[in-house]
Amino acid sequence: MTNPTHDFRYTSELAGQIEMAWQDRWETEGTFHTPNPVGDLANVDGPAAKNADGSKYFIMDMFPYPSGAGLHVGHPLGYIATDVVGRYRRMLGDNVLHALGYDAYGLPAELHAISTGEHPRVNTLANISNMRRQLRRLGLAHDDRRSFATIDSEFVRWTQWIFLQIFNSWYDAEAKRARPISELIEKLGTDDPAVIDEHRLAYLSESPVNWCPGLGTVLANEEVTAEGRSERGNFPVFRRNLKQWQMRITAYSDRLIDDLERVDWPDAVKIMQRNWIGRSHGAEVDFASEAGPVRVFTTRPDTLFGATFMVLSPEHPLVEALTSADQAEAVAEYRRIAAAKTELERQESREKTGVRLGSTATNPVNGEQIPIFIADYVLMGYGTGAIMAVPSGDQRDFEFATEHGLPIVPTMAEQVGLAEAYAGEGTIINSSNDEVSLDGLSVDEAKSRIVAWLESKSLGTGKTTYRLRDWLFSRQRYWGEPFPIVYDETAPPIALPDDLPAAESPEVPDFPPNSFAPDDVESNPEPPLSRNEDWVNVELDLGDGPKMYRRETNTMPNWAGSSWYEIRYTDPNNAELLADPRNESYWLGPRSEGGAGGVDLYIGGMEHAVLHLLYARFWHKVLFDLGHVSSEEPFQKLFNQGYIQAYAYTDERGAYVVADEVVAHEDGTFTHDGKPVNREYGKMGKSLKNVVTPDEMYDSYGADTFRVYEMSMGPLDVSRPWETRAVIGSQRFLQRVWRLCVDETTGEATFTDEPLEAATRSELHRTIEQVRVEMEHMRFNTAIARLIELTNHVTKENVSSREVIEPLVLMLAPFAPHIAEELWQRLGHEGGIAFAPYPVSNPDFIIQDSVTCVVQVLGKVRGRLEVSVDVSDEELTALALAEPNVVKAIDGRPVRKVIVKAPKLVSIVV
RNA sequence: GCGCACGUGGCGGAAUGGUAGACGCGCUGGCUUCAGGUGCCAGUGUCCGCAAGGGCGUGGAGGUUCGAAUCCUCUCGUGCGCACCA
């Protein structure tokens, strides 16, 4: 403290002392230990016990990956927000569950292990403890008894258990739910693996998968970017036929789409999930050909009469059989070129190239012989890999037809005369045969009529297809959950029974690199675990006496742990069950009949809109079907927080310079070391030299100031730039609040027991009312603005009555809990503020005897009147028309109309 | 190309169709200080004016309305998502 007269000022040093003292006290007293209905966490000593009968409220953050780089100021944004909500709900009397775990499997730890030779667990645990320290200093009200990491052997055990539940179940399409595989065995009357394994929700299959040599592993579709590269590391990805584990997420396509209606999520995320699943309704239609029926999928069966040719994907299995001798060479050449193109090249070229096969197919609705082509704009991976081409109704077909001189037959009145395809609504024309006519119908009517006709003639069926593919679930990594699967000499996978110790990762002494040159197409996946013969070969007694088995050597993707962790928070130490049903249903169960249930508030970034959030919903639904959870959805309400961005600066060579040392000039330019630099806006990162850490904020301002600043920067869901120099404003605010209670020179209490004057009391109750509304809508920036206004008001008026200071401190508590606890104690309260009741506004105290009335003339404000709130329309009109400035603005013109919204507005039209 | 957001002072951002710019940063002036910093007080959209007051202002152009940042149409720009999905 540099100023001797202000020994008791709320400085960063004092804030730090207060904050750490309260953090210790919360920990030793178990303040945030939340009671469970049953089990080891049922009884708590702390103050949370008094909320045990309150309404339950389960909040979650998207848990962090414990990266070695530690946290920057952007990371805690969501954690502070959930903490504010949690602390607010506790003060409302809710029983709040809030804890934080760590998503600890992942590639960075494995790469670090490879480069250092140190076991990834060592580095990961060190990172977790560093992150814990950084987060503890923030004062988050977490129940630390419920924290875990996905690498904990107890947690892994349950991840493996869930895998086996999925492995041992099948999807009953009629009942629209998963059922135990034993019921399928009973139903089919066989336990032959060749039959049964086909139906498992987790299954091994040889199919085209994404092979990424650069990472040395296969990847899920969701992990591959549109450019055909890995989301992590940006390495090229190749399609390869490999035998891998898959999860039958496609069985849940409809439920994953339909149940989006039952959750409170941002539309943007819902739309992304719907697009990703990509459901389209249409029909499959068979076109007769010399090689047998060629089946196509179409969403527009109503345009069948306009199908003037067919196009197969170059990889379509019937291509050879349908190729005539004189086209054989051209077809082979086209297929060769198509095969050599990467996915990206195929997508980039929009030219409608293609080759005639030389044979024809029969359009089933009119018997016409139409030519068959192959073209690479038709993809083998969607629908049936073959289309009927309707150039009048599909722009791609139109372009192809124009290119190759093929007939274009309009089937929509709206398309006639257009120089392009017409895909909208309208009236069908040119569409009839001897048995059925679609002419004059709308698109929807025509669709159902033609599908009915096709079905009656066995020429086609109504059909729904999806873009979603099954989830590729195995990885060739060391640092992931091992599969609880072994093999004997007869190939089919064998589940390790529950009572046998599940496979733990072997302690491998070294981690040889297992990736390949990024473009090495010839390379093959090679699971690191397979090199460890001692681990791979294991003697087990699975019922037929002790025998040697080989373990599955692939590991699970790092999405596994995050696909079910919400369940474990409810009962983290349960050794017998995933979670006791009484705990699970209390915290996650539906709040009302027919509800989907789930976490009450889940806050995290947009980047998981598809990946994590889709996988977690899928696993949760399987567990629901199998009776292990009472909730159908894992997350009832989702909120995407924005990101804290930062400026970075490059010098003339393009190298990043330390952002902290850059000087801004009045003309909008920036210099570093006197030399001009360029500013760019984006992420915070070590390599960009613009990282600001929470630790720096704790040192310079304290955790409370940092929390208030992050919450007051703007709406939570909007991204915005970090500005360290603006943090001071939040500190000034807290200093003013402090000064209301504590004399900066003597440290003595400054508040009094005097009652408030009516005007200030009115201000207070108005503020309480407004702040409550803002809190309910998570508009923390405006809630804080209201608190600052109240503080400034009482500071200016020199009011120091506890009647206003106490509610102010209470409302401040969710944002700045440490200073609030400290002041609450100084105000003479013993019990701590975390569970003190949130202030309630009394409308009787809100007085408003006069209000400013605005007088508009032709929409422009021309005068203001101080009037009583209950002024009558007539009175107000008279007052307004008499106001000198208004008279001047009317300028003698006749008044045509007066609109009065008493008491706030009069609008005069002349 | 398609879809969804979003464009407000020097900056971050406030505004149930009704006083545009709450709150904060910055800036200017003052007090405090040997000084720097911290703190406190006052001012701060822009143009004209000593003032009273007035003109112009929410990316741009139209429209609806007594009244539009807010609703509608078009347009420009930025961000995000999807992308030959039949």
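Of the residues making up segment A:290-317, those that are surrounded by fewer than 21 Cβ atoms within 10 Å (Cβ to Cβ) and over 41 Å from the mean Cα position of the chain (by Cα) are A:Glu290, A:Ala291, A:Gly292, A:Pro293, A:Thr308. When the residues of segment A:693-718 are narrowed to those that are surrounded by fewer than 24 Cβ atoms within 10 Å (Cβ to Cβ) and of a type in the set (Val, Ile, Thr), which ends up nearest to RNA strand B (Cβ to nearest atom)? Ranking the candidates gives A:Val718 first.
For segment A:16-34, the count of residues that are of a type outside the set (Asp, Glu), touching a strand residue (DSSP E or B) at 6+ places or on another chain (Cβ under 8 Å) and either crowded, with 20+ Cβ neighbours inside 10 Å or within 30 Å of A:Thr124 (Cβ to Cβ) (or both) is at least one. Close Cβ contacts (under 6 Å, 6 or more residues apart or on different chains) running from residues in segment A:378-392 that are of a type in the set (Val, Ile, Thr) to residues that are more than 7 Å from RNA strand B (Cβ to nearest atom) and part of a loop (DSSP other than H, G, I, E, B) comprise A:Val390/A:Ala307. In segment A:838-863, of all residues being among the small types (Gly, Ala, Ser) and assigned to a strand (DSSP E or B), the one that is farthest from RNA strand B (Cβ to nearest atom) corresponds to A:Ser850. A:Pro903 meets all of the listed conditions (1) surrounded by fewer than 16 Cβ atoms within 10 Å (Cβ to Cβ); (2) within 50 Å of the chain's Cα centre (by Cα); (3) modelled with pLDDT under 90; (4) not hydroxyl-bearing (Ser, Thr, Tyr) but one, namely (1).
A:Leu438 - would you say it is in contact with a strand residue (DSSP E or B) (Cβ under 6 Å, 6 or more places away or on another chain) and among the aliphatic types (A, V, I, L, M)? When the stated conditions are applied, A:Leu438 passes them. Take A:Ser523 and tell me if it is in contact with a Gly (Cβ under 9 Å, 6 or more places away or on another chain) and at pLDDT below 90. Yes: the conditions hold for A:Ser523.
Condition check ((1) free of Cβ contacts under 8 Å to residues at least 40 places away in the same chain; (2) within 15 Å of RNA strand B (Cβ to nearest atom); (3) acidic (Asp, Glu)) across all residues:
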position	(1), (2), (3)
A:Asp394	no, yes, yes
A:Phe400	no, yes, no
A:Glu425	yes, yes, yes
A:Ser432	no, no, no
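A single entry from A:Arg826, A:Arg802 fulfils the requirement of being in contact (Cβ under 8 Å) with a residue 60 or more places away in the chain and under 30 Å from A:Ala49 (Cα atoms): A:Arg826. Taken over segment A:413-454, the criterion of being of a type in the set (A, V, I, L, M, F, W, C) and modelled with pLDDT of 90 or more is satisfied by A:Ile428, A:Ile429, A:Val436, A:Leu438, A:Leu441, A:Ala446, A:Ile450, A:Val451, A:Ala452, A:Trp453, A:Leu454. Among helices (runs of 4 or more DSSP H) entirely within segment A:557-671, having at least 2 residues that are under 26 Å from A:Gln246 (Cα atoms) singles out A:565-569, A:611-625.
Matching residues to (1) charged (D, E, K, R); (2) more than 6 Å from RNA strand B (Cβ to nearest atom); (3) crowded, with 17+ Cβ neighbours inside 10 Å:
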residue	(1), (2), (3)
A:Leu734	no, yes, yes
A:Val742	no, yes, yes
A:Thr745	no, yes, no
A:Arg761	yes, yes, yes
A:Ala783	no, yes, yes
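A quick yes/no check of all residues on (1) in contact (Cβ under 8 Å) with a residue 24 or more places away in the chain; (2) in contact with a helix residue (DSSP H, G or I) (Cβ under 9 Å, 6 or more places away or on another chain); (3) not in a helix (DSSP H, G or I):
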site	(1), (2), (3)
A:Arg9	yes, yes, yes
A:Glu13	no, no, no
A:Gln17	no, no, no
A:Glu27	yes, yes, no
A:Phe32	yes, yes, yes
A:Val38	yes, yes, yes
A:Asp45	no, yes, yes
A:Met60	yes, yes, yes
A:Ala69	yes, yes, yes
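Looking at A:Gly480, A:Gly460, just one residue is closer than 23 Å to A:Asn210 by Cα, surrounded by 16 or more Cβ atoms within 10 Å (Cβ to Cβ) and touching a residue at least 40 places away in the same chain (Cβ under 8 Å), and that residue is A:Gly480. Which one is surrounded by the most Cβ atoms within 10 Å (Cβ to Cβ) among residues in segment A:219-244 that are away from RNA strand B (no atom under 16 Å from the Cβ) and at pLDDT 80 or above? Among residues in segment A:219-244 that are away from RNA strand B (no atom under 16 Å from the Cβ) and at pLDDT 80 or above, the one surrounded by the most Cβ atoms within 10 Å (Cβ to Cβ) is A:Gln244. Of the residues making up segment A:355-396, those that are at negative phi and either in a loop (DSSP other than H, G, I, E, B) or modelled with pLDDT under 90 (or both) number 21.
So that you can scan it fast, the table gives a plain yes or no per residue for (1) surrounded by fewer than 18 Cβ atoms within 10 Å (Cβ to Cβ); (2) more than 15 Å from RNA strand B (Cβ to nearest atom):
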| residue | (1), (2) |
| --- | --- |
| A:Gln246 | no, yes |
| A:Leu256 | no, yes |
| A:Glu261 | yes, yes |
| A:Met272 | yes, no |
| A:Arg279 | yes, no |
| A:Ala288 | yes, yes |
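Before we move on, is A:Lys689 away from RNA strand B (no atom under 16 Å from the Cβ), surrounded by 13 or more Cβ atoms within 10 Å (Cβ to Cβ) and either touching a residue at least 24 places away in the same chain (Cβ under 8 Å) or farther than 27 Å from A:Asn798 by Cα (or both)? Considered against the rule, which asks whether it is away from RNA strand B (no atom under 16 Å from the Cβ), surrounded by 13 or more Cβ atoms within 10 Å (Cβ to Cβ) and either touching a residue at least 24 places away in the same chain (Cβ under 8 Å) or farther than 27 Å from A:Asn798 by Cα (or both), A:Lys689 comes out as yes. Looking across A:Ala178, A:Ala194, A:Ala104, A:Ala109, one residue alone is buried (at least 21 other Cβ atoms within 10 Å of the Cβ), small (Gly, Ala, Ser) and assigned to a helix (DSSP H, G or I). It is A:Ala109. Given the conditions (1) charged (D, E, K, R); (2) more than 16 Å from RNA strand B (Cβ to nearest atom); (3) more than 41 Å from the chain's Cα centre (by Cα); (4) under 27 Å from A:Arg766 (Cβ atoms), report the number of the one that A:Glu874 does not fulfil. All conditions pass for A:Glu874, except number (4). For the criterion of being farther than 26 Å from A:Thr752 by Cβ, small (Gly, Ala, Ser) and exposed (fewer than 14 other Cβ atoms within 10 Å of the Cβ), A:Ser850 passes. Residues in segment A:201-253 that are part of a strand (DSSP E or B), touching a residue at least 60 places away in the same chain (Cβ under 8 Å) and of a type in the set (Val, Ile, Thr): A:Val209, A:Thr217, A:Val218.
Residue-by-condition table, conditions (1) charged (D, E, K, R); (2) within 30 Å of A:Ala503 (Cβ to Cβ); (3) in contact with a Pro (Cβ under 7 Å, 6 or more places away or on another chain):
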site	(1), (2), (3)
A:Ser431	no, no, no
A:Asp434	yes, no, no
A:Ile450	no, no, yes
A:Ser458	no, no, no
A:Gly462	no, no, no
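Among the residues in segment A:812-833, are any in a loop (DSSP other than H, G, I, E, B) and within 13 Å of RNA strand B (Cβ to nearest atom)? So far as segment A:812-833 goes, yes, one or more of its residues are in a loop (DSSP other than H, G, I, E, B) and within 13 Å of RNA strand B (Cβ to nearest atom).
Scan segment A:336-346 and give yes if some residue there is within 10 Å of RNA strand B (Cβ to nearest atom), surrounded by fewer than 15 Cβ atoms within 10 Å (Cβ to Cβ), more than 14 Å from A:Pro314 (Cα to Cα) and at pLDDT below 95, otherwise no. Taking every residue of segment A:336-346 in turn, at least one turns out to be within 10 Å of RNA strand B (Cβ to nearest atom), surrounded by fewer than 15 Cβ atoms within 10 Å (Cβ to Cβ), more than 14 Å from A:Pro314 (Cα to Cα) and at pLDDT below 95.
The values are calculated or read from the model by the stated rules, or taken from the named source; none is laboratory data. Just so we're clear, the structure is a prediction, and the values are computed from it rather than from any experiment. So basically every Cβ, Gly included, is an ideal-geometry build from the backbone, and we count neighbours across all protein chains shown.
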